[in-house]
Structures are given as structure tokens and as C-alpha cells.
Amino acid sequence: MADLAIDVRDLEKTYRTPFTRKKVEALRGVTFGVERGHIFGFVGPNGAGKTTAIRTLMGLVRPTAGRAQLLGEPLGSRGARRKIGFLPESPYFYDYLTVGELCDLAGRLFGMAAGARKRRADELIEKVGLGGARGQSLKKFSKGMLQRAGLAQALMNDPELVVLDEPMSGLDPLGRKEVRDLILELRDHGVTVFFSTHILSDVEAITDRVAIIARGRLQALGTPAELVSRSLRGVEIVVRLPPTVSPDISPDAPALDALTDGASRVRRVGDELSLTLAADADVDAWIARAHAAGARVVQVAPRHETLEELFVRRVAGADAAPAEPPAEPPAAIEEAAAP
Ligand SMILES: Nc1ncnc2c1ncn2[C@@H]1O[C@H](COP(=O)(O)OP(=O)(O)OP(=O)(O)O)[C@@H](O)[C@H]1O
Ligand SMILES: [Mg+2]
């Protein structure tokens, strides 16, 4: 446990809106752990509670209940803060600064010496692709350039843990890829990276573990592969029918009954028949029947739910029952992230 980079237990946050004093339950008992050296993706739709969780971790929001540790130290600890890099959501920077000055400012806050600040800033500005925009003030920067500048300043103190709130937002596909590559490079250097996003393909490609959050609750937690493989939908099979089966015979003709019985998504294209069997179907027996009927098996492939489909299902489920935990406590949910 002490070796987790981030350890969050039963975190709750209820905001009160300023005038009406209406309660907003932004986090409703969130528990997870991030191992050191991992890339962890925190995925959820707008208003899910991602920024609230991140701001709580950074000591900017006081939790209503629960506890959390960063790098083995309690929230708000100065010792931990020095080892953490942070990119806030839609960061606001002084317009009249250049990216070099922005990085220099971050370096000063961490007590770095002038020479080290200059070297580190130069290196990072190149790394995030802003070498050509050194002389410009941030006022002239596009959203994507500001995002890169924010990343550079978050890395000034050579952090052990980097917390990024939507680091890919505002970036075009190439920019997103560059940020993904940068995150991978950080992990190669042993840095733990925790980042939020609402775009699944960002996490599918690079994360070691993913948490899906919606309406203040974790909906799923696991490796991207686990989340997908725990959701086997069925088995897709394609067979080539023997020439004796006329191409005019439709999939539900009696001649094909033995093969299409119990199958879903049956499609006939020319002499090929493709269909999906249920995840628990006896595939061997089905293939034996297909052979007996003179058909030749062309393809057998598991049909997994994609992370995208899982996300939609979990988030839709959370919307349908906002105050309840997910309906069927799915295998993908781990109660606590204790290793
Ligand atoms: N300071 C605040 N006062 C009151 N309610 C707030 C405050 N900050 C956030 N909320 C509410 O808390 C909920 C979670 O918001 P949060 O910003 O954490 O979500 P998010 O997942 O980061 O969303 P997004 O993808 O849009 O950034 C929302 O319903 C939001 O309106
Ligand atoms: Mg947010």
C-alpha cells in the first residue's frame, strides 16, 4: 500500500452552490490505487467528477469524506508536492509571459537554481514542440499551444508523479499522438502518469490501468484489456457453404436451420454465411454440424465489447440509476484497489 503513487479511499465531495445552497454530489465514494511507474487513465463524460477528484488530490478542494495519499504522504504534504507535476484543466497563464518565462516561474516555485531552470526549460520547450514559438507571448498561442506550454511547466521539477487534467484537450489528432508519446516517454523514465480524458482511444492505446467514472462513482476499473475481455459478447463465425446450397436460399431456409439455430446476426453474402454465437455456446459442436453439412469454416473470432461500447453502457447505466451502484456488480469492478 505504501508503494502506491496514488491511494484514494472512499473519497466523497459534496459541493454547495453559492446562493441556492443546493447540494451537488460530485464524488460519491471513489476508491482506487495507482501503482508507481504506471500510466493510469481516468475516463468519464462531462460532469463525471474527474476535475473534482484531481483538484482534491492536488489539495485545491477539501474532500467531504474519505482519504487519499500521494507518494505515500497525506494530501497537502509539502514533501509530496515537490515531487508532483500538475497540469490543470483549461490552465490560465499570464498573457504577457513567453513559454520560457512560464517554465522559469514554475522552476522558481520549486526552488530550482537559475542555470538548472534555463537548461530544463529549453529541453522541455523543444520536447513539447514549442521551440519555434519561444519569443511569442502566450496571448498569441492557440489552445493546443497553451496545452503544450502547460505540459512543459508541469514537468519543470522533474516530477515522480504527473497529474494531468485533460492533457489532450484542444489538440488535433497529431497533437494528441504527440502527448501520448510524451506520456509513454515519461513512463519509460519511471514517472507515474495519471491523466483524465473523455476520449477512450486516448487511454486504450497507452494506459496500464483505467478507471471509468460517471456521476461521481467508479463504473469500472482494470487494465484496458481486462475491461474488454471481461465483456466477451459472443463468437463470430464465417463459413463457406457447399455449392449444393443454392445462393438463392435465405439464411432462414430449412436447409440452413441446423446452422443458424440459436445464432444471432445471421448474414448471407453469396456462398458465405456469417453469424454470431452466444459467448457460452458450444462452438465445437456447432463447427461439427457445419462440417457435416458440407460447409467450410473460414473464420472463428471472439467478439469483445470495445472500450467505447463498455463506456457507453456503463455511463448510460449510471444515468439510469444515479443514486445506485451499477446494477449487476460486474467482474470489471474491483471493490478496493488494495494490491
Ligand atoms: N465549485 C463547484 N461548485 C458547485 N458544483 C461544482 C463545482 N465544481 C464542480 N461542480 C459540479 O460537480 C460535478 C463534477 O464536476 P467536475 O468538474 O469534477 O467534472 P469533470 O468530470 O471534470 O467534467 P468535465 O469533463 O466537463 O471537465 C458537476 O456536476 C459540476 O457541475
Ligand atoms: Mg474536468
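Which is part of a helix (DSSP H, G or I), β-branched (Val, Ile, Thr), more than 24 Å from residue 285 (Cβ to Cβ) and modelled with pLDDT of 85 or more, of 193, 203, 210? Break it down into steps so the answer makes sense when it comes.
Details: 193 fails: part of a helix (DSSP H, G or I); 210 fails: part of a helix (DSSP H, G or I).
Only one candidate qualifies: 203.
Would you be able to say whether some residue in the range 142-157 is more than 27 Å from residue 45 (Cα to Cα), over 17 Å from the mean Cα position of the chain (by Cα) and exposed (fewer than 14 other Cβ atoms within 10 Å of the Cβ)? Walk me through it before giving the result.
Our first condition is that a residue be more than 27 Å from residue 45 (Cα to Cα); within the range 142-157, this holds for 156-157.
When the remaining residues are screened for being over 17 Å from the mean Cα position of the chain (by Cα), the result is 156-157.
Next, only the ones that are exposed (fewer than 14 other Cβ atoms within 10 Å of the Cβ) stay: none.
No.
Within the range 73-80, is there a residue that is away from ligand 1 (no atom under 16 Å from the Cβ), farther than 24 Å from residue 183 by Cβ and among the hydroxyl-bearing types (Ser, Thr, Tyr)?
Looking through the range 73-80, at least one residue is away from ligand 1 (no atom under 16 Å from the Cβ), farther than 24 Å from residue 183 by Cβ and among the hydroxyl-bearing types (Ser, Thr, Tyr).
Would you call residue 170 more than 20 Å from residue 39 (Cα to Cα) and either of a type in the set (Val, Ile, Thr) or within 16 Å of ligand 2 (Cβ to nearest atom) (or both)? Spell out the reasoning first.
Working: more than 20 Å from residue 39 (Cα to Cα): yes; either of a type in the set (Val, Ile, Thr) or within 16 Å of ligand 2 (Cβ to nearest atom) (or both): yes.
For residue 170, the condition - more than 20 Å from residue 39 (Cα to Cα) and either of a type in the set (Val, Ile, Thr) or within 16 Å of ligand 2 (Cβ to nearest atom) (or both) - is met.
Tally the residues that are assigned to a strand (DSSP E or B), of a type in the set (A, V, I, L, M, F, W, C) and without any contact (Cβ under 8 Å) to a residue 12 or more places away in the chain, restricting the search to the range 1-39. Give the derivation first.
In the first step, residues of the range 1-39 are kept if they are assigned to a strand (DSSP E or B); the result is 4-16, 23-35, 39.
Restricting the remaining residues to those that are of a type in the set (A, V, I, L, M, F, W, C) gives 4-6, 8, 11, 24, 26-27, 30, 32, 34, 39.
Keeping just the survivors that are without any contact (Cβ under 8 Å) to a residue 12 or more places away in the chain gives 24.
Matching residues across the range 1-39 total 1.
Scan the range 42-58 and tell me whether some residue there is at pLDDT 95 or above, in a strand (DSSP E or B), surrounded by 14 or more Cβ atoms within 10 Å (Cβ to Cβ) and within 16 Å of ligand 2 (Cβ to nearest atom).
yes
Conditions first: (1) without any contact (Cβ under 8 Å) to a residue 12 or more places away in the chain; (2) within 26 Å of residue 33 (Cα to Cα). Residue 164 passes all but one, so which condition is the exception?
Evaluating residue 164 over (1) without any contact (Cβ under 8 Å) to a residue 12 or more places away in the chain; (2) within 26 Å of residue 33 (Cα to Cα) leaves (1) as the failure.
Is it the case, given these coordinates, that residue 85 is part of a loop (DSSP other than H, G, I, E, B), more than 16 Å from ligand 2 (Cβ to nearest atom) and either of a type in the set (Gly, Ala, Ser) or under 19 Å from residue 169 (Cβ atoms) (or both)? Give the steps one after another, and end with the answer.
Details: part of a loop (DSSP other than H, G, I, E, B): no; more than 16 Å from ligand 2 (Cβ to nearest atom): yes; either of a type in the set (Gly, Ala, Ser) or under 19 Å from residue 169 (Cβ atoms) (or both): yes.
It is false that residue 85 is part of a loop (DSSP other than H, G, I, E, B), more than 16 Å from ligand 2 (Cβ to nearest atom) and either of a type in the set (Gly, Ala, Ser) or under 19 Å from residue 169 (Cβ atoms) (or both).
Looking at (1) more than 9 Å from ligand 1 (Cβ to nearest atom); (2) more than 30 Å from residue 188 (Cβ to Cβ), which is the only condition residue 33 fails?
Evaluating residue 33 over (1) more than 9 Å from ligand 1 (Cβ to nearest atom); (2) more than 30 Å from residue 188 (Cβ to Cβ) leaves (2) as the failure.
Go through 62, 9 for me and flag whichever is over 20 Å from residue 222 (Cβ atoms) and of a type outside the set (Val, Ile, Thr).
On the way: 9 fails: over 20 Å from residue 222 (Cβ atoms).
After ruling out the rest, the residue left standing is 62.
The values are calculated or read from the model by the stated rules, or taken from the named source; none is laboratory data. Bear in mind the structure is a predicted one, so any value in this text is a computation, not a measurement. Note: ideal-geometry Cβ built from the backbone for every residue, glycine included; neighbour counts use all protein chains shown.
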